[in-house]
Structure formats: structure tokens, C-alpha cells
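S.K.: Here's a structure for you.
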């Protein structure tokens, strides 16, 4: 029975990732069209024109994937066949695994069982996420190299250098967050954010660590090689960078990896800085508003509200990333590395130092032993 | 126990591929696989933090740089060298010595069922020891790493 529960939770986490990844493709196309004052893909319809208007969503969610999957799978001459086949898998798999430790709800009370809504209850959850992000580099490096093509190799090298540089800033931002909340467990961090500051404001991470939020968000966008950091796949310069020589299903896997990474960065930002599944002033038995007013709610409704809150915040941060992509111009490679090493890294370090001093001061200058 | 045997056999096979495969890229990737399997074995031994650090640092950063170097500086397939017989004999002797040493340790510790403390291998337990009893070696190690980095930069600049 326990095994079934864990299996169900993993399935839910996987489904969330898959759905968000696919939906983001449509949101990106229509959203970018909106931002660029055009209509976007709208030529597809159902059943030969049964509707009086055209549906972009059919185009993106059905026609486009169908086209990609039925394309011929081309492996360039002289390319390493095994690595060419392996690279998309290595790009996507660690990203899917990341969702295993993200808490999408508090607890679900069925009968007398209390199920913690986190697929895998990992103590060091944040380290697990960092480990998987580091493993994500292999897809890029191998994809670039296994294609036996100059553009791909250049894109691959640039991409992986960028990813390992920004991993450092990301990790340091997370160090500050861990110092603030005193635990590595993601579910615990979200629970800590349910407490109130001065009895009124929920203690979300953004109030404690605004600098870390900025550094983490920028580093996260750079990790996923999205504009303005998308020089590795710079469409106007390297054709498609490290996945130039991929067609059909493998290319769709790389593209999906891009959107899944957007979802991951959004999920981590909501979990660590914006309270995850926390709805302000909502506890397991109902609302406890600061004025003293208390509204009791059934626990199932509370759980549903919390999961919805997580999904809404996820959507907001995915949209924010899409907005940034279609607003800012691309950074040149040396500007990109400059930003990562010379600006984000010192800022993150200073943030850690200040946080550590403040945390020690608030503990009364003693070390808990 | 079955988990251990599966992981162990796979790890040994990956290590054999690392040594014997023609292509250095495949060797590096097989090494990554070995490291990931060893990290899984650490998890079996309740050393969760070490397992994650193994993945983050070794498999995720060091091996990526290995791959960089291999890819940028020529990944031609290895040609089997006609080694001098003295070298081969030396290699065999050292390997045999290592095997004897490892076997001695394994046999000596067999049946050692001392219970681990409750919070073994968690971040808190490791950090508590690392920053109190072993703080000085920790700082010296980070100094050593800094020296290595500075040395690498100096060597690189001198060539250019």
C-alpha cells in the first residue's frame, strides 16, 4: 500500500512535468505572438474545418508534435550513433527527476492516512536538485560533440561552459536560502514559509532573500539556455547550436527539455521564495486571518486550494520567463560569462556572508550545538 | 543485498569499459556511470550527503571538464601501445598488491555489525563534525584547492 502511494505521487509529479512542458510550448508561441503584436500559429482546425475559427492550440499540441515524431531520424555521416542517440535522453532525464522532490501540496488526509504531497521525501532535497542540474550538462556536451559538425560542437562547448558557470551562482543563492530556513528539505522550507512575520505577513523567502531570488532567477534562466542567454542555440548564428543535427523525435526531446527546465526554474522559485503551496494564512484546518477571524474548512478543500496555489504560482513564473525571453536582446558570449563570473558570483557571495552574519546575530551570537 | 550486488556488478563492468574502450569519450562516460553507481552504493550505506556530493562535484563538474578537454584537444581512438614488459609487470604487481589490500580489509571487517548512530550520514551530522572537530583540516583542504586553482591559472598564462 505504501508502495502504491509513492508510485501514485511519482506519477502525479511526472504528469505535472509533462503537461506543463507541453502546454508551455503553446503558451510560448501564443505569448510571443502577443508580445510581438502578431497572431501566432492559427492555421489548424479540427476535423477538416468543423469550427468557424482556427485553433492555434491544435497546431501546437497536436499537429506540431505529430510532424516532429513522423520525421525521418537523420544521423549525420561520421557521427557517433550511440552518443547521438544518448544525448537527448541525458538532456531530459535529470530534469524529469527534479520534480520528484518538489512539494506540490501539504498533506492529503484520506481516512486515517496522512500523505505528504511530495513524490520522494528527500532530506537533502536542495542538494538533489543541484546534483540533477549538474547532470543536465551532459546532454548538451554530448549532443554537440556527437553530431560531427562544427556548429554543433561550438554550440555544445559554449552551452556547457555557460551551464557550469551559472551553476555556481545558483548554488550560492541556494546556500543563502538554506541559511535562512535552516534546512535542506524542500517540504520543510515550504512549511517554514507558513509562519507569519510580525503576526501579519507570511514569511515567504522573497522577503528574507530578495537578492538570492534575483541571482537564482537569472542563473536559472541562464542554466536553461533561454534568451537572453541563448547563444548556444543562437538561431541566427549557429542555426540551432548543439542540436543542429537532430531531427524528428530527438529534436522534440531537446525542445521539451528546454520547456521542462523553464518549469523547473519556476517550481524552484515558487518553492523557495514564494511559499510553494502556501496560501497566506491558510492552515490545515482553515483560514486563520490576522485580525483574529478564523474560517474552518474541510481538509480536502484546504489541500485542493494549496495544490491550486502551487500551480498558479508555477504558471506565473513560467510566464515571467517567457516574457523575459521575448523582451530582452541576447547577450554576447563574453558578456554572458562576465555576468556569471564577475557580477552574479560576487553578489551571491556577499549575500551569503550578510545572511550568515545576520543569522548568527539573530541567534544571539551563539552556535547551536 | 540484491541492490548492492546489482550496483556492484554494473560498477565493475563500467570500470572495465573505462579502462578498455578504444574511444576516450566512451571511457569518460563509462567513468561517469561508475561514479553514479558508487553514489547509489553510498545511499545504500546511509551516507546520503556523500552520495549527493559525489554526483554534484565528481560526476557533475569534474567529469564535465574531463569531457571538455577530451573533446577540445582531440578525441582520437586509443592505439594499443607496445608497452615495455617492465611496465606491464609493474602494473600487474601494483594491481595485485591493491587487490590483496582490499581483500584483507573486507575479510577483517566481515561480520562487523556495529550499529550506526541514528543520524548517520545526514547533512547535520556531517556538518557538526566537519566544523568542530575537523575544522582545521577542512580549512587547509580549501587552501590546497585554492593553491591548485592559482597554479593552474599561472601555468595557463605562462603558455600564452
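Quick note: the coordinates plus some simple rules give every number you see, no bench work behind them. Please read all numbers here as calculations on a predicted model, not as lab measurements. Here the Cβ is made from the backbone with ideal geometry for all residues, glycine too, and neighbour counts use every protein chain on show.
S.K.: Compute the acute angle (0 to 90°) between the alpha-carbon long axis of helix A:345-362 and the principal axis of greatest extent of the alpha-carbon atoms of chain A; round to the nearest 10°.
M.R.: On a 0 to 90 degree scale, this one is about 10.
S.K.: Could you work out the relative contact order of chain A, using alpha carbon pairs under 8 angstrom and six or more residues apart, expressed as a whole percent? Spell out each step's value before the answer.
M.R.: Values: 574 pairs, mean separation 78.0, N = 369.
Computed value for chain A: 21 percent relative contact order.
S.K.: Which value in nm describes the separation of the simple spin-label points at residue A:71 and residue A:357, placed 7 Å from the Cα toward the beta carbon?
M.R.: Distance between label points: 5.4 nm.
S.K.: Rounded to the nearest 500 deg cm²/dmol, what is the calculated helix-only ellipticity per residue at 222 nm for chain A, with -39500 (n - 2.57) per DSSP H run of length n ≥ 4?
M.R.: -19000 deg cm²/dmol
S.K.: Arrange the peptides B:23-36, A:7-20 so that the one whose residues have, on average, the most other Cβ atoms within 10 Å appears first.
M.R.: B:23-36, A:7-20
S.K.: Ranked from highest to lowest mean number of other Cβ atoms within 10 Å per residue, what is the order of the peptides A:124-130, B:99-105, B:39-45?
M.R.: Sorting A:124-130, B:99-105, B:39-45 by mean packing, highest first, produces A:124-130, B:39-45, B:99-105.
S.K.: Please average, across the residues of B:23-30, the number of beta carbons from any other chain that are within 10 Å of each residue's own beta carbon, and give a whole number. Don't jump to the answer; show the numbers that get you there.
M.R.: Working: counts 2, 0, 6, 3, 0, 0, 6, 0.
Mean partner-chain Cβ count within 10 Å for B:23-30: 2.
S.K.: Additional query: Using a 7 Å offset from the Cα along the Cα-to-Cβ direction at both residue A:46 and residue B:128, what is the distance between the two label points in nm, to one decimal?
M.R.: Once both label points are built, they end up 6.0 nm from each other.
S.K.: Each label point is 7 Å from the Cα along the Cα-to-Cβ direction; what then is the distance between the points at residue B:142 and residue A:197, in nm?
M.R.: 2.8
S.K.: When you take every Cα atom in the stretch A:76-358, what is the radius of gyration, and what is Dmax, the widest Cα pair distance, in Å?
M.R.: 20.4, 72
S.K.: With viscosity set to 0.692 mPa s at 37 °C, what whole-number translational diffusion coefficient in µm²/s follows for the stretch A:222-369 from Stokes-Einstein and a Kirkwood radius over Cα pairs?
M.R.: My calculation gives 171 µm²/s for D.
S.K.: Taking R0 as 51 Å, what FRET efficiency do you get between residue A:304 and residue A:81 from their Cβ-Cβ distance, rounded to the nearest 0.05?
M.R.: For R0 = 51 Å, the calculated efficiency reads 0.60.
S.K.: Continuing with the same structure: Nearest 10 degrees is fine. How inclined is helix A:81-98 to the longest principal axis of chain A, computing both from alpha carbons?
M.R.: Around 20 degrees separate the two axes.
S.K.: Continuing with this model, one more query. Can you tell me which of A:75-81, A:207-213 comes out highest on packing, and rank the rest after it, using the mean Cβ neighbours within 10 Å?
M.R.: Descending mean neighbour count gives A:207-213, A:75-81.
S.K.: Rounded to the nearest Å, what's the spacing between the alpha carbon centres of the stretch A:297-369 and the stretch A:192-206? Just the number, please.
M.R.: A separation of 16 Å, based on Cα centres.
S.K.: 222 nm [θ] for chain B, helices only, -39500 (n - 2.57) per DSSP H run of 4+, per residue, to 500?
M.R.: That calculation yields -24000 deg cm²/dmol at 222 nm.
S.K.: So what are chain B's ellipsoid semi-axes, whole angstrom, largest first, if each one is the square root of 5 times an eigenvalue of the alpha-carbon gyration tensor?
M.R.: Working through the eigenvalues yields semi-axes of 31, 26, 18 Å.
S.K.: Now for a separate question. Against the longest principal axis of chain A, how steep is helix A:125-135, in degrees 0 to 90 to the nearest 10, with axes from Cα atoms?
M.R.: Between the helix axis and the principal axis of chain A, the angle is about 10 degrees.
S.K.: Averaged over peptide A:16-29, how many Cβ atoms belonging to another chain are found within 10 Å of each residue's Cβ?
M.R.: Mean partner-chain Cβ count within 10 Å for A:16-29: 0.
S.K.: Now for a separate question. Stokes-Einstein diffusion coefficient for the protein assembly as shown at 20 °C in a medium of 1.002 mPa s, Rh from the Kirkwood formula over Cα pairs: what value in µm²/s?
M.R.: 83
S.K.: Counting partner chain Cβ atoms within 10 Å of every residue's Cβ in A:83-92, what's the average? Could the numbers behind the result be given before it?
M.R.: Details: counts 4, 0, 0, 1, 0, 0, 0, 2, 0, 0.
Counting other chains' Cβ atoms within 10 Å and averaging over A:83-92 gives 1.
S.K.: Hey, how many Å between the Cα centroid of the stretch A:95-111 and the Cα centroid of the stretch B:8-47?
M.R.: About 31 Å separates the Cα centre of the stretch A:95-111 from the one of the stretch B:8-47.
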